[in-house]
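Trainee: There's a structure below that I have some questions on.
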């Protein structure tokens, strides 16, 4: 277990949908929502995901090649600008910040069910 500076204890979270669902339900996420594995971003594979989708969390290792690509991408966006939907949000998260991502995703479900 990892400890925070305040002496609290944090349990590591894994990317298993069963574990994420249990955690988010305890945090107040509605049972109408849930985490699912996404096997790819091809339309055929995305068709397996229940709709609507309120949030997507991508988990992958941080390697030098990704860092270099993101640095080049940031430079290009700073010089040329970028158009994105106002409803889109992005948070780079590492270690304990993944908990914030889960919380943000769970909060994104509020108001999505009519």
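Let's see how each residue does on (1) at pLDDT below 85; (2) exposed (fewer than 10 other Cβ atoms within 10 Å of the Cβ); (3) in contact with a strand residue (DSSP E or B) (Cβ under 6 Å, 6 or more places away or on another chain):
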{"site": "49", "(1), (2), (3)": "no, no, no"}
{"site": "55", "(1), (2), (3)": "yes, no, no"}
{"site": "58", "(1), (2), (3)": "yes, yes, no"}
{"site": "68", "(1), (2), (3)": "no, no, no"}
{"site": "76", "(1), (2), (3)": "no, no, no"}
{"site": "81", "(1), (2), (3)": "no, yes, no"}
{"site": "88", "(1), (2), (3)": "yes, yes, no"}
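Trainee: Identify the single condition in (1) modelled with pLDDT of 85 or more; (2) within 17 Å of the chain's Cα centre (by Cα); (3) surrounded by fewer than 10 Cβ atoms within 10 Å (Cβ to Cβ) that residue 17 does not satisfy, given that it satisfies every other one.
Mentor: (3)
Trainee: Return yes when residue 23 is assigned to a loop (DSSP other than H, G, I, E, B) and either at pLDDT below 85 or within 19 Å of the chain's Cα centre (by Cα) (or both) and no when it is not.
Mentor: So residue 23 fails the test.
Trainee: Sticking with this structure for a sec: What pairs come out if I take residues in the range 52-75 that are in contact (Cβ under 8 Å) with a residue 60 or more places away in the chain and pair them with residues that are outside any helix (DSSP H, G or I) and surrounded by 11 or more Cβ atoms within 10 Å (Cβ to Cβ) whose C-beta lies under 9 Å away, six or more apart or interchain?
Mentor: 52/112
The values are calculated or read from the model by the stated rules, or taken from the named source; none is laboratory data. Since the model is a prediction, treat every value here as computed from it, not as a measurement. Note that we place each Cβ from the backbone using ideal geometry, even for glycine, and neighbour counts take in every protein chain shown.
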